[in-house]
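Following: one structure in structure tokens, then a few remarks.
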Amino acid sequence: MEKPTNRRAFFKDCLVTVAAVSVGQLALNRVAYAVELPHVDESSPQAVGLGYKHDAALVDKTKFARFQEGQTCRNCQLYSGAADTEWGPCALFPGQSVNAKGWCSAYVKKAG
């Protein structure tokens, strides 16, 4: 059986193609986000300058007097990781992830 070659069939085929490409792009983007980012190295110059620690309990409170108990990356405005993940992205460390229990001197309490 031959496929009809009229305008309606053409637009229907185009619509199916566009939908398939869109779904494919969404799937590829989801896979890309699922890849875990490398963890910030605490000894990197940026991390040292900001006083970043993977564990907020290890922050030098004499050097960073602004630190207060309960402040962690998880409840910082700059952290964009999911609430239930151990590591997540931070605006200060593009392409890297920070520990949700971590802290740095750029801490800003999350609104809400």
Next item on the list: Subtracting the Cα-Cα distance from 0.36 nm times the residue separation, let me have the gained length for residue 110 to residue 57 in nm, one decimal.
Entry: 17.1 nm
Next item on the list: Among 87, 103, rank each residue by its count of other Cβ atoms within 10 Å, from fewest to most, as a rough exposure measure.
Entry: 87, 103
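Taking 0.36 nm per residue of sequence separation and subtracting the Cα-Cα distance, how much length would be gained by fully extending the chain between residue 85 and residue 39, in nm to one decimal?
Values: separation 46, 0.36 × 46 = 16.56 nm, distance 1.32 nm.
The span from residue 85 to residue 39 would gain 15.2 nm if fully extended.
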Item checked: Principal axis dimensions, region 37-112 - Cα atoms, whole angstrom, descending -> 31, 30, 17
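Throughout, read-outs are computed from the coordinates displayed, never taken from laboratory work. If you're wondering where the values come from, they're calculated on a predicted model, not measured in any experiment. Positions of Cβ are generated from backbone atoms using ideal geometry, with glycine treated the same way; all protein chains shown enter the neighbour counts.
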